[in-house]
1. Considering each of Thr193, Thr205, Thr224 in turn, give the residue that is touching a Leu at 6+ places or on another chain (Cβ under 8 Å), modelled with pLDDT of 95 or more and polar (S, T, N, Q).
2. Within segment 1-39, restricting attention to residues that are among the β-branched types (Val, Ile, Thr) and exposed (fewer than 15 other Cβ atoms within 10 Å of the Cβ), which residue is nearest to ligand 1 (Cβ to nearest atom)?
3. Which one of these does Leu127 not meet: (1) within 12 Å of the chain's Cα centre (by Cα); (2) crowded, with 17+ Cβ neighbours inside 10 Å; (3) within 13 Å of ligand 1 (Cβ to nearest atom)?
4. If you take the residues of segment 222-242 that are within 21 Å of the chain's Cα centre (by Cα) and surrounded by fewer than 17 Cβ atoms within 10 Å (Cβ to Cβ), which of them is nearest to Glu113 (Cα to Cα)?
5. From Asp141, Asp118, which residue is more than 16 Å from ligand 2 (Cβ to nearest atom) and charged (D, E, K, R)?
6. Could you tell me whether Tyr94 is surrounded by 14 or more Cβ atoms within 10 Å (Cβ to Cβ) and more than 27 Å from Ala120 (Cα to Cα)?
7. Select from segment 12-40 the residues that are more than 16 Å from ligand 2 (Cβ to nearest atom), in contact (Cβ under 8 Å) with a residue 24 or more places away in the chain and not in a strand (DSSP E or B) and list them in ascending order.
Amino acid sequence: MLNPGDILQGKYRIIKALGGNGMGRVYQAEHTMLKTTVAIKELIDQFSTPQERQAGIDLFLKEAQRLAALDHPMVVKVSDFFIERNNYYLVMEYVEGQTLESILNTSSGGLPEALVVDWAINICNVLEYLHTLSPPVIFRDLKPSNIMLTQMGRLKLIDFGIAREFKAGATKDTKPLGTPGYAPPEQHGTGQTDARSDIYSLGATLHQLLTKRDPADSLFMFPTLRSIKPTVSETMENIVAKCLQRDQAQRYQTIAEVRDALRLCRFCSNCNRLNIIPKEQVSKWNFCIYCGHKL
Ligand SMILES: Nc1ncnc2c1ncn2[C@@H]1O[C@H](COP(=O)(O)OP(=O)(O)O)[C@@H](O)[C@H]1O
Ligand SMILES: [Mg+2]
């Protein structure tokens with residue numbers, strides 16, 4: 001564990017811990033020469049044999065290289081990677097803002113649908129970017145605590161599960177990948193995970209953002225949205241229910257399909273009312289049926 005004032009690589013000065021778990025922490029730090037703020041994710045060496053360690057490092061490095069190659073405004077940028085005091089460190093862009101989990105915690109009974117639709121479309125855009133890379137990147141741990149909202153109102157995905165993959169190399173770890181409640185059935189068993197696994201996690205995330213109900217309350221069981229919050233639109237209820245199908249084949253098959261469905265529910269930024277636009281009429285030029293404002 002690092003303390004405020006500690007220096008890594010002769011240039012990163014630790015400011016404070018931001019969060020973390022048994023595998024390591026995330027720190028806020030200053031690049032002492034550039035005077036910029038960065039976030040540093042630490043992975044503590046917990047391997048029990050040299051073979052496990054080597055496999056773990058290989059996996060971690062591969063994953064770090066993969067992350068460093070990503071280039072999207074909603075994906076946190078990686079700038080450095082190093083090993084020091086036997087621990088592994090990943091340096092990334094510091095996001096000034098809050099996680100969606102902490103925003104949700106301060107709300108009463110969930111967040112407004114208009115806001116959630118807007119976020120959902122943006123999350124679809126970044127997932128589409130990841131899913132259409134070659135080979136595809138499956139995020140696998142989408143949930144409100146891994147999405148941050150910047151002060152400028154933009155969303156960023158943090159936590160690309162490096163710790164999780166890294167940990168998977170150690171035999172000590174027998175936990176399933178992903179987070180209970182957000183991970184689909186196939187991620188718990190031997191099933192193959194693919195883009196549709198992220199679609200399930202997106203469904204669980206949207207369900208929670210709208211209702212504040214914790215999806216870990218009872219695994220794979222989601223009460224219909226409107227049984228918890230009757231003001232939610234039927235369109236949204238149907239979209240979330242389809243994302244949350246236990247059988248992969250019953251879900252949307254691509255994230256682009258989810259986004260197209262979400263685009264049918266457009267909220268007017270002027271009068272905040274929901275407009276359901278027939279699929280064939282969706283365009284850049286849709287107007288609110290209530291106040292005429294451009295949607
Ligand atoms: N790039 C970042 N910028 C600012 N805060 C971050 C950043 N990455 C992580 N955090 C903070 O650290 C917490 C834990 O980070 P995360 O990467 O989700 O690790 P884990 O879930 O494995 O503990 C987050 O909830 C967030 O508050
Ligand atoms: Mg996390």
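1. Working: Thr193 fails: modelled with pLDDT of 95 or more; Thr224 fails: touching a Leu at 6+ places or on another chain (Cβ under 8 Å).
The conditions single out Thr205.
2. Taking segment 1-39 as the starting set, the residues that turn out to be among the β-branched types (Val, Ile, Thr) are 7, 14-15, 26, 32, 36-38.
From what is left, the residues that are exposed (fewer than 15 other Cβ atoms within 10 Å of the Cβ) are 7, 32, 36-37.
Working: Ile7: 20, Thr32: 18, Thr36: 12, Thr37: 9 Å.
So, considering only residues that are among the β-branched types (Val, Ile, Thr) and exposed (fewer than 15 other Cβ atoms within 10 Å of the Cβ), the one nearest to ligand 1 (Cβ to nearest atom) is Thr37.
3. Of everything listed in (1) within 12 Å of the chain's Cα centre (by Cα); (2) crowded, with 17+ Cβ neighbours inside 10 Å; (3) within 13 Å of ligand 1 (Cβ to nearest atom), Leu127 misses just condition (3).
4. Ala241
5. Numbers: Asp141 fails: more than 16 Å from ligand 2 (Cβ to nearest atom).
Just a single option satisfies the conditions, and that option is Asp118.
6. Details: surrounded by 14 or more Cβ atoms within 10 Å (Cβ to Cβ): yes; more than 27 Å from Ala120 (Cα to Cα): no.
Spelling it out, it is not the case that Tyr94 is surrounded by 14 or more Cβ atoms within 10 Å (Cβ to Cβ) and more than 27 Å from Ala120 (Cα to Cα).
7. The answer is Thr32, and nothing else.
Each row is one residue, and each column tells you yes or no for (1) within 24 Å of the chain's Cα centre (by Cα); (2) outside the structural domain of Phe81 (by TED's automatic domain parsing); (3) of a type in the set (A, V, I, L, M, F, W, C).
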| position | (1), (2), (3) |
| --- | --- |
| Tyr12 | no, no, no |
| Leu18 | yes, no, yes |
| Arg25 | yes, no, no |
| Met33 | no, no, yes |
| Ser48 | no, no, no |
| Glu52 | no, no, no |
| Gly56 | yes, no, no |
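The values are calculated or read from the model by the stated rules, or taken from the named source; none is laboratory data. Being a predicted model, the structure only gives us computed values, none of them experimental. When we count neighbours, we look across all protein chains shown, and the Cβ atoms used for this are built from the backbone with ideal geometry, even at glycine.
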